[in-house]
Each structure stands twice: as structure tokens, then as C-alpha cells.
Amino acid sequence: MAEPKHPSEIAREALKRLAASHLAPTPANYQACYNEIAQLPNVAPFPEQPLRQIALALTAKNEIQEKKLAKLDAAIGRRSWHGVQDALLAYIAAGHDNNSAAPSTAVSVAQVLPPDFSDRLARFVECVQPALGEEDDRVLELLSPLVGALRQPPVDVGQVQKLFASFSHRVLFAAEEQVEIKESLLKLLHLIIQNIGELSLDDSWLKGQVDGLLAVVAPPLTLRHLDEMERRLRDVMHKQGEAKRRSVEAQEEMRQMLAAFIERLASMNESSATFQGRIEDSAREIEQVKRIEDLAPLLKDVIAATRSMAEETAASREQLQSLQEKVLATEAELVQLHLELDSASALARHDPLTDALNRKGLDEALAREIASVRRKETPLSVCLLDIDNFKKLNDRLGHAAGDSALVHLTNVARRSMRPTDTLARYGGEEFVILMPDTTMDQGIEAMVRLQRELTKAFFLSGKEKVLITFSAGVAQLAQDESGADAIRRADRAMYLAKRAGKNRVMGG
């Protein structure tokens, strides 16, 4: 029987075999070579570290599982595969035992809805119905049983689930139908407005109304847009009423002046005929005169008739000249009235250059938003922004370029704003943006996004690219604070942004 080799010899031979076999010098490969030379079974080493990581990842849901995890830790420390196996099986069994009674408890909890939640769900279902209209009888049929089941304690969850599934399925169809109806009505309204504009080509004052209506019926359709359009139309209608009244008065004056003119012409014609008759009579009498003494009275009558005719002609000339002046003045007034109507819809509450709201429009929009946030108890942020170095831009490129820069800013702002936001020109190069349902931090983020958009959209003045930046202040409307006070706080924050280096947004 061969004498067993010394472990040191086996180790040297294992290293040689590892090198000869071109195997990576890992502990596992070395152990395999060593076991093969020593004629020992090639058993993998105990993975203590991975097992401890697994044990740390396991969590105990009850006291029994905590004890089993402690046994698992001890078995790993003893390097006992048998102990690890027993501890893990016991840990799993303890988890199943804990959950064995859970299904009945979970079912009982799941089958009972809190009364407050079920009542809110019922109110939500009732609030959905008006938005769907009353044309779909099936929706109404499914609504009543569902609301009744939600308000009939105890709530049968299974029944509610079935009713809610049927109701939601039907609501989907009804909602899609309402969307199609809305889109069709908008298209129809759009066609009607366009047709009015085409049929009224001679009435240039209609253009502002038609353009405004076409803009307001374009999606997205919001109550704010409709309200603003209503206010604009009321302004125009008021101006139209005044213009119509004055136009009727002017037409009546023109009619009276024309009647007086015709009457005066008739009088002149009559006077001319009388004068002609007198001259003819005098001519016949002159032909019959024998003595020079008899000629003097006839010449006196001719001179008197001629003087009378001349005086009457001069008076008629003055009267006709006065009538002409009145006609020209009335005509000029009518032209002015039509010019006012042409711009009435645009100038009522909007800035004519940028089409943003003017100060009057801003005051009304601010009052409306404040009333809304007071009623809904939601935040409202007010931003005041001022274009940086605007005077230098005007001086270098001219006022026309400055006006174009203002228009460019408003166009970029509109693309970045939400439909619910309001843009107004506060004065010069200052603008105010009202942001409902927005906190001050969110308002600052929105203004920073607008600044980024401006850096992407260069303003072109001729062939020159001009970067427009602005400084802004944002203030969140405080409780019982007026809109003017909020704007003043935003204004102070804007000046702080200017002093900090411009192109910044600060909260106030």
C-alpha cells in the first residue's frame, strides 16, 4: 500500500497541474486539483457569506419566524447544511401558518366598505351623470341601482363591482358620444361664423367680432375663453348701439338738409322766373317810351328788381354753403364712427400690438380669478416680468424692432402657457401672467421654463439673431390679499431679480 502524500507535496502538485491545465488560479479550481491528487471527494466549500446575505434579506412577520431566523443564523455560523435546511423550512412553514387564518379576515375586510367612502363614491357617480346628458336611457337605468347599492348598508361589494362594471362600460360610450357632439357643434358654429363673415364683406366692423369668435371656438374650449369673448362682444355691441343711434340721427340731419337744399333751389327758380317776367315787362314798356323822362321810372324798377335778385342769390349761396359744410361734418363723423367700430373688438380689453389683455382686461381677469380661488380654496400665482435691456434694444435696432420683440415674447409665452393661464401687457415692456391652481414654487418653475424657451427661439431683427431675456417676480396670492397688492409683491421680487444680475426669477 502506497504511503499517503504529505499535504505540502499535494499542494505543490496541485499548483503544477493548475498551470499545466491552463486553468484560472481560482480557489475552486485549486480545490478541485488538490482533491483529485489527494483522492478526496470534490465537495464545494460552505458559502457562508452568500447565505448570510440571504438571511439578512429575509424579514419576520411574526415571533415564530423571528426565532427561525435566529436558528438560521446559528446554523450558518456552524457551517451546518442540515441546520440551514431545517431553519429555512421552519421559517417558510411559520409564514404559511400565519397566513392560514388571513384569508377569512381579508375577505371580511374586503367585503365591507367604509360608509364615508361608499357615500363619496355614490356622490361621484351622481356628479358624472350631468356631464353625460340625458339622451342615453341605459345610463340612467344603471345609475339608480348603483347609487342605491352604495347607500344601502351593509354594502355588498360583489354586487357593487358588477353594477359599477356595467355602469362604467356604458359611461364610456356615452362620454365618447358627448365628445363627438361637442366637436360637431364646434364645427357647426365655426361654419356659421365663417359664413357670416363672408356674407358681410362690406361691414368691415364685423371683422373684429368674426376673428374673435373664430379664435374662441378653437380647441381647447374653456369657460375662461368663452367668458372673455362674451365681454369683448358686449363692448362691441355697446359701441355698435351708440354708432347706430348716431348714424340714424346723422341720416335724419342729412335728409333735412337735402330737403332744405331742394326747397331753396325751388325758391331760387321761382325768384328767377319772377325776375325774368319783370325784366320782360320792363323791356316791352321801354320799347313804347316816347320821352326820355318816362324812361327813368322804368330803369328804377329794373335796377330794384336786379338788386333784389342779387341779394336773394347771395343769401341762397350762403345757405347752400352752410348746408355743404354741415354735410361734410356729418360725413366725417360717420367715417369716424365706422373707424371706431373697426377697432372696437380689438381695443376693448386687448393691447393692439400684442393682443394680450390690457390693464382693463387684466383688472377684470384678476377679479375673476380671485373670486374663483376664494370659492375653490386653490392657489393663484401672479407673475410680473420685465424684458432685460429693452431700452438698449430700442436704441440700437429701432422702435419697430422693439415692437416686434414684444410680439415675439408674447407668442413664445402663449406657446408655453396653459389654456387656463392669462397673459396681459402691464405697460411698456412689462407683462403680467396669472396662473391659477399654481403655488409660488410652481410659478417660478413655469417662468424658468419660459426663459429656456426664449433662449431656444431667437428673435430675428432683419438677419440678426437677438437673444431676449427677462427678469420676473412671482407672488402667490395670500388670504384676503387684493390683486393689486399681489402684483406689487411680484414687482418688488422682479426688481430683486434685476439687481441680482437679470435673467432671473425670484419669489416675493
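The values are calculated or read from the model by the stated rules, or taken from the named source; none is laboratory data. Values in this document were obtained by computation on a predicted structure and should not be read as measured data. Because the Cβ atoms are built from the backbone with ideal geometry, glycine has one as well, and the counts that use them run over all protein chains shown.
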Quick one: residue 462 ticks every box in (1) in contact with a Cys (Cβ under 6 Å, 6 or more places away or on another chain); (2) surrounded by fewer than 16 Cβ atoms within 10 Å (Cβ to Cβ) bar one, so which box is it?
(1)
Residue within segment 335-346 that is in a helix (DSSP H, G or I), at pLDDT 85 or above and buried (at least 16 other Cβ atoms within 10 Å of the Cβ) present
no
What pairs come out if I take residues in segment 314-329 that are closer than 14 Å to residue 263 by Cα and pair them with residues that are assigned to a helix (DSSP H, G or I) whose C-beta lies under 7 Å away, six or more apart or interchain?
316/264; 316/268; 319/264; 320/261; 320/264; 323/257; 323/260; 323/261
Complete set of residues in segment 469-508 that are part of a loop (DSSP other than H, G, I, E, B) and under 20 Å from residue 373 (Cβ atoms)
477, 478, 479, 480, 481, 482, 508
Restricting to segment 414-428, name every residue that is surrounded by 20 or more Cβ atoms within 10 Å (Cβ to Cβ) and more than 20 Å from residue 363 (Cβ to Cβ).
none
Quick check on this structure: which one of 440, 447, 417 is in the same structural domain as residue 376 (by TED's automatic domain parsing), under 13 Å from the mean Cα position of the chain (by Cα) and among the hydrophobic types (A, V, I, L, M, F, W, C)?
417
Considering residues that are within 15 Å of residue 465 (Cα to Cα) and surrounded by 19 or more Cβ atoms within 10 Å (Cβ to Cβ), the number found within segment 375-400 is 1
With the condition being closer than 30 Å to residue 377 by Cβ, I'd like the strands (runs of 3 or more DSSP E) fully within segment 416-468 carrying at least 3 qualifying residues.
422-427, 430-436
Is segment 369-390 home to any residue that is basic (Lys, Arg) and either closer than 25 Å to residue 444 by Cβ or in contact with a Ser or Thr (Cβ under 6 Å, 6 or more places away or on another chain) (or both)?
yes
When restricted to 379, 436, 419, the only residue of a type outside the set (A, V, I, L, M, F, W, C) and modelled with pLDDT under 90 is 419
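Listed here are the residues, each with its yes/no results for (1) among the hydroxyl-bearing types (Ser, Thr, Tyr); (2) in a helix (DSSP H, G or I); (3) surrounded by fewer than 11 Cβ atoms within 10 Å (Cβ to Cβ); (4) within 60 Å of the chain's Cα centre (by Cα).
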site	(1), (2), (3), (4)
51	no, yes, no, yes
56	no, yes, yes, yes
75	no, yes, no, no
84	no, yes, no, no
89	no, yes, no, no
